[in-house]
Every structure is written in structure tokens, then in C-alpha cells.
Amino acid sequence: MAQKNKIIQLHEEAVRDPLTGLFNRRYMNLLAEIEFKKTKRYSHPLSVLMIDIDHFKNINDKYGHKLGDLVLKHVAHEIKNHIRSSDIPIRYGGEEFVIILPNTTKESAFILAERIRNHIAATPIFVDGMEIRCTVSIGASSMEDCPETFEELVNNSDKKMYLAKQSGRNRTII
């Protein structure tokens with residue numbers, strides 16, 4: 001039993017980001033191709049959200065990395081609280097997150113993205129008597145955009161996320 005628990009623990013450490021508890025990018029790369037092929041084969045909808053914390057470098061510079069880590073945990077917590085059990089939340093790297101949304105149209109992905117974005121903006125983080133607020137910019141893409149690969153689907157979301165940042169931040173672009 002102890003050996004089985006150790007194997008489970010090692011698996012979790014291999015597929016999860018230690019700070020946020022979300023899946024890591026390596027696991028996304030394994031899972032994504034399977035999900036993408038299944039979606040194409042059965043003609044199910046699939047969407048991807050790319051989420052980036054606005055002005056995260058300024059937060060780290062002004063308040064330190066310890067508070068920056070709390071902001072990352074806060075955003076991850078809000079993501080987990082607003083998605084379905086079938087959705088796949090990933091810490092993509094740094095202050096970026098990806099959510100793979102099986103059986104989700106672009107319109108439904110936009111509604112979810114806005115719910116997450118608005119809730120993050122409206123929910124402060126309290127640390128040592130300080131109230132810290134953050135916002136996120138989100139790009140959404142789907143199989144409706146006709147990507148050839150999962151990587152292209154993620155890249156489409158990434159481009160739209162950067163467009164959201166260029167358009168003033170704290171918004172979702174589909």
C-alpha cells in the first residue's frame with residue numbers, strides 16, 4: 001500500500017504544477033493531442049482559453065515574489081472554481097494559464113472566459129492588511145477556427161490573448 005501511494009504521489013508531482021496545483025505544460029502536451037484527435041474524429045466542439053495576468057511583472061517588482069506567488073494561486077483558484085470537472089486547467093508557464101474545454105463551442109468558451117475574468121477582477125487578495133487586485137487578459141479559440149493541430153489551436157488563443165492586452169487589457173478576445 002505504501003508503494004502504491006508513493007507511485008500516485010510521484011505521478012501527481014510529474015503532472016502538476018507545485019505552486020498552483022493545476023496540471024503542468026508537460027502533461028498538457030500529452031493530453032492535448034489525445035483530446036484533439038478525439039474531437040476531430042467525433043466532430044465534437046473543443047475550445048482553448050489562454051489567460052495571462054495583467055502587469056504581473058509590476059506586481060512582483062512592487063510587492064515581491066512571495067505576493068506574486070499568492071496572485072498566481074489566487075488566479076488558479078478562481079479558474080478551478082469556475083470550470084467543469086471535464087475541463088482541463090493548466091499552468092502554461094510564468095503568469096500564463098491554459099484551459100482546455102472539451103465539448104465547448106467558441107460562444108460558450110467566451111461566456112466562461114468572461115465569468116472567470118470578471119470574478120478575478122472583482123475578488124481582491126488580502127495580505128498583511130493590504131488589498132491587492134489583479135486582472136487578466138484572455139484569448140479564446142476553438143475548432144470552429146479550423147486548426148490543423150492542437151498547437152495551432154493554442155497559438156490562435158495566444159495571439160488573441162496578446163490582442164486583448166494590446167486593446168487595453170482586462171478583456172477577452174475570441
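The values are calculated or read from the model by the stated rules, or taken from the named source; none is laboratory data. None of the values given here were measured: they were computed from a predicted structure. Cβ atoms come from the backbone with ideal geometry, glycine included; neighbour counts cover every protein chain shown.
Taking helices (runs of 4 or more DSSP H) as the structural unit, those lying wholly within segment 1-106 and holding at least 1 residues that are surrounded by 11 or more Cβ atoms within 10 Å (Cβ to Cβ) and touching a residue at least 40 places away in the same chain (Cβ under 8 Å) correspond to 25-42, 56-63, 65-82. Give segment 116-128 a look and list any residue that's within 13 Å of the chain's Cα centre (by Cα) and either assigned to a strand (DSSP E or B) or closer than 23 Å to His44 by Cβ (or both), or say none. Answer for segment 116-128, where residues must be within 13 Å of the chain's Cα centre (by Cα) and either assigned to a strand (DSSP E or B) or closer than 23 Å to His44 by Cβ (or both): just Ile116. Screening segment 143-155 for residues that are without any contact (Cβ under 8 Å) to a residue 24 or more places away in the chain and part of a helix (DSSP H, G or I) and picking the one that is surrounded by the most Cβ atoms within 10 Å (Cβ to Cβ) gives Asn155.
The listed residues are Ile79, Ile90, Ile83, and the only one of them that is closer than 21 Å to Glu144 by Cα, under 15 Å from the mean Cα position of the chain (by Cα) and not polar (S, T, N, Q) turns out to be Ile83.
Residue-wise test of (1) at pLDDT 95 or above; (2) among the polar types (S, T, N, Q); (3) touching a His at 6+ places or on another chain (Cβ under 6 Å).
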| residue | (1), (2), (3) |
| --- | --- |
| Leu10 | no, no, no |
| Ala14 | no, no, no |
| Leu19 | yes, no, no |
| Asn29 | no, yes, no |
| Ala32 | no, no, no |
| Glu35 | no, no, no |
| Pro45 | yes, no, no |
| Asp52 | yes, no, no |
| Phe56 | yes, no, no |
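Against the conditions (1) part of a strand (DSSP E or B); (2) free of Cβ contacts under 8 Å to residues at least 12 places away in the same chain; (3) within 17 Å of Thr20 (Cβ to Cβ), Glu131 satisfies every one except (3). Among the residues of segment 115-133, those that are of a type in the set (A, V, I, L, M, F, W, C) and in contact with an Asp or Glu (Cβ under 7 Å, 6 or more places away or on another chain) comprise Ile116, Ile120.
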